[in-house]
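Chemist: Below is one structure. I have some questions about it.
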Amino acid sequence: MNVWITGGAGFIGCNTAQYLLNQGHDVTIVDNLARAGSERNLEWLRAAHPQLSFHQIDIRDFNALKVVLARSDAPDVIFHFAAQVAVTTSVLDPRTDFDINALGTLNLLEAVRQLDLDPVLLYSSTNK
């Protein structure tokens, strides 16, 4: 199975990726590595699974997201975990929170629609 994980270097994403890679699935991670610890999570995954595909993309960048999705093998499943999850950050900067969580999700859905893909999509925004 070909799996894409947005936010794949975050807590939920890297653990999901680890599980799927251990099961023998092809996994592509899309993450902007903005969250503290995400680079370490990615290094941990790459050390155990050198075949892991990674693209450093911010999901607010529709064109970059669509180009990489178009150049990749069509995913069977997309786990959409890319999100701004800190409540304090959302209160201090609600526009950025909205751009990441709402616009980023719309960008992913629109890229899938425009490319006429048909993956199963699972969305989760936090481990809280």
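The values are calculated or read from the model by the stated rules, or taken from the named source; none is laboratory data. The shown structure was predicted, so the numbers you read here are calculated from the model rather than taken from an experiment. So basically every Cβ, Gly included, is an ideal-geometry build from the backbone, and we count neighbours across all protein chains shown. When the accessible area is computed, the model is the full protein with side chains, heavy atoms only, and any ligands, DNA or RNA have been set aside. Shrake-Rupley method; radii C 1.70, N 1.55, O 1.52, S 1.80 Å.
Chemist: For the chain, what does -39500 (n - 2.57) per DSSP helix run (n ≥ 4), summed and divided by total residues, give at 222 nm, in deg cm²/dmol to the nearest 500? Please report the intermediate quantities before stating the final value.
Modeler: On the way: 6 runs with 55 residues, N = 128.
Helix-only estimate at 222 nm: -12000 deg cm²/dmol.
Chemist: Next question. If you take the charge dipole of the range 9-96 about its Cα centre, with +1 on Lys and Arg Cβ and -1 on Asp and Glu Cβ, which of 32, 54, 94 is farthest toward its positive end?
Modeler: Of the listed residues, the answer is 94.
Chemist: Same structure, new question: Starting at 0 and stepping by 5 Å, how many percent of the alpha carbon pairs of the chain end up in each bin?
Modeler: 2, 11, 23, 25, 20, 12, 5, 1, 0
Chemist: Using θ = phi - 60° and the Karplus form 6.51 cos²θ - 1.76 cosθ + 1.60, what ³J(HN,Hα) does each residue of the range 104-120 get, whole Hz, x for Gly and Pro?
Modeler: x, 5, 4, 4, 5, 4, 5, 4, 4, 5, 5, 8, 6, 8, 9, x, 6
Chemist: What percentage of the solvent-accessible surface of the range 59-128, computed with a 1.4 Å probe over protein heavy atoms, is contributed by carbon and sulfur atoms?
Modeler: So the carbon and sulfur contribution to the accessible surface is 56 percent.
Chemist: Heavy atoms only, probe 1.4 angstrom, no DNA, RNA or ligands counted: give me 31, 99 ranked by accessible area, highest first.
Modeler: Greatest to least solvent exposure: 99, 31.
Chemist: Then there is this: Would you mind getting the accessible area per residue of the chain, heavy atoms of the protein chains only, 1.4 Å probe, in Å²?
Modeler: On the way: 7170 Å² over 128 residues.
Result: 56 Å² of accessible area for each residue.
Chemist: So, in Å, what gap is there between the alpha-carbon centers of the range 49-63 and the range 22-44?
Modeler: So the two Cα centres are separated by 9 Å.
Chemist: Next up: Using the Cα centre of the chain as the reference point, and only Cβ charges (+1 on K/R, -1 on D/E), how large is the resulting charge dipole? Debye, rounded to the nearest 20.
Modeler: Value, rounded to 20: 220 debye.
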